[in-house]
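Everything below concerns the one structure shown next.
The values are calculated or read from the model by the stated rules, or taken from the named source; none is laboratory data. For clarity, every value in this text was computed on a predicted model and none was experimentally measured. Heads up, the Cβs are rebuilt from the backbone with ideal geometry, glycines too, and the neighbour counts pull from every protein chain shown. Just so you know, the surface numbers come from the protein's heavy atoms only, side chains and all, with ligands and any DNA or RNA stripped out. Shrake-Rupley method; radii C 1.70, N 1.55, O 1.52, S 1.80 Å.
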Amino acid sequence: MHRRPDGDGGHGMILVYGPGSDPSIQHLVAALQAAAARYQLLDMDDLDQAALHIEVGPQGLHGVLTVDGQQIALDAIRAIYVYPQLPAYVQSSRSRLALHQQLLAWLDMVPGVVVNRPAALQANACKPWQAQRIGEAGFLVPPMLVTSDEAEAYAFLQTHGRAVFESASGVHTTVSAQDGGWLAHMQHQAPLPSQFQAYVPGVDVRVHVIGQQVFAAKARNGTIGSRQAYGSEAFVQAVATSLPITVESQCAAMSASMGLHVSGIDLRLCPDGEYVCFEVNSAPTYRDLEQQSGLRLTAALAQLLMGL
């Protein structure tokens, strides 16, 4: 069932934009159905059957979204969830990609709750800039170097003993921790800079901020191999955990300051009890972690979209 036309309690229609075959989208739709929410799924699998018409005039932005043969006034949509990844089949089709880009432009202008607006995703586009924002939010940040110079990288390693490196951009890369063997390969990266961080021991904690709610899960086995921060393999055994009130408040405030209704924050609890923050993911996935930890992330997301 892709549409629930009744019973939203006056909050307007919720638009869910993502691949209908994805388990996280299916779980969110099921949560909205269980809450008798009025929603519409705009399935990325069926973008060829959808259309968006927008008019801008003296009274503002108006238009119609056509989905499953039904026309929905844009004014009737009060909250929107956007799947954080763009499937390859959308990118490979000129018509689908054009509609997707039109939707993204509209999402930055539409009033109401959008999880998350395309403009807000830029919070994750440049890791050094984001690290500055994290520090401004009151979190400890590991010493950092952005360089493509082998001598600079070697000096950083000599100072800190062990380093972790990844892309300095928002493009997803594998986070690697090394003790120096990688220096021989630096010439293959130049002139592309990498971000190096001093390695921090401790327990990985993934925090999801959903609206004003804060959920945390920790890795049961403490440090995850050679990884500095969260990755899909990092929480093979994740358990729900609690955070100090001050850390919860910092996470919620930092997410809001970046314009994010939902975020995934990578922390590490150090042996001395301090929390270090590595990254704020502006397009986090949550279904796997929810299944592992038992945290009710989908229910919280549904409540956020419903205005509860």
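Worth a mention:
- Number of positions in region 277-308 that are touching an Asp or Glu at 6+ places or on another chain (Cβ under 9 Å) and not in a loop (DSSP other than H, G, I, E, B): 9
- Listed by position, the strands (runs of 3 or more DSSP E) contained in region 27-70 that have at least 1 residues being closer than 26 Å to Ala299 by Cα, at pLDDT 90 or above and aromatic (Phe, Trp, Tyr) are 39-43.
- For beta carbons closer than 8 Å, sequence separation of 6+ or different chains, a first residue in region 281-298 that is over 18 Å from Leu86 (Cα atoms) and a second that is in a loop (DSSP other than H, G, I, E, B) and not hydrophobic (A, V, I, L, M, F, W, C), the qualifying pairs are Asp288/Ser232; Glu290/Arg296; Gln292/Gln237; Leu297/Tyr286; Thr298/Tyr286.
- The set of residues in region 117-133 being outside any helix (DSSP H, G or I) and surrounded by 15 or more Cβ atoms within 10 Å (Cβ to Cβ) consists of Arg117, Cys126.
- Residue match in region 260-273 (condition: open to solvent by 40 Å² or more (accessible area, probe 1.4 Å) and within 14 Å of Val209 (Cα to Cα)): yes
- Enumeration of residues in region 27-37 that are within 16 Å of Tyr83 (Cβ to Cβ) and either open to solvent by less than 20 Å² (accessible area, probe 1.4 Å) or touching a His at 6+ places or on another chain (Cβ under 9 Å) (or both): Leu28, Val29, Leu32
- Pairs meeting the criteria (first residue in region 237-248 and in a loop (DSSP other than H, G, I, E, B), second residue surrounded by fewer than 17 Cβ atoms within 10 Å (Cβ to Cβ) and of a type in the set (D, E, K, R), beta carbons under 6 Å, at least 6 apart or on different chains) are Gln237/Arg220.
- Looking across region 145-169 at every residue that is buried (at least 19 other Cβ atoms within 10 Å of the Cβ) and in a strand (DSSP E or B), the one that is nearest to the chain's Cα centre (by Cα) is identified as Glu166.
- Selection status of Met13, farther than 22 Å from Ser282 by Cα and within 26 Å of the chain's Cα centre (by Cα): yes
This table checks each residue for (1) under 19 Å from Gln250 (Cα atoms); (2) modelled with pLDDT of 90 or more.
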{"residue": "Ala131", "(1), (2)": "yes, no"}
{"residue": "Phe139", "(1), (2)": "yes, yes"}
{"residue": "Glu152", "(1), (2)": "no, no"}
{"residue": "Thr159", "(1), (2)": "no, no"}
{"residue": "Val175", "(1), (2)": "no, no"}
{"residue": "Asp179", "(1), (2)": "no, no"}
{"residue": "Leu183", "(1), (2)": "no, no"}
{"residue": "Gln187", "(1), (2)": "no, no"}
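- Extreme residue, least open to solvent (accessible area, probe 1.4 Å), among residues of region 86-96 that are assigned to a helix (DSSP H, G or I) and either under 19 Å from Ala283 (Cα atoms) or hydroxyl-bearing (Ser, Thr, Tyr) (or both): Val90
- Index of the failed condition, Trp106 passing every other in (1) part of a strand (DSSP E or B); (2) modelled with pLDDT of 90 or more: (1)
- Selected residue (criterion: surrounded by the most Cβ atoms within 10 Å (Cβ to Cβ)) from residues of region 38-79 that are under 26 Å from Ser21 (Cβ atoms), in contact with a Leu (Cβ under 7 Å, 6 or more places away or on another chain) and of a type outside the set (A, V, I, L, M): Tyr39
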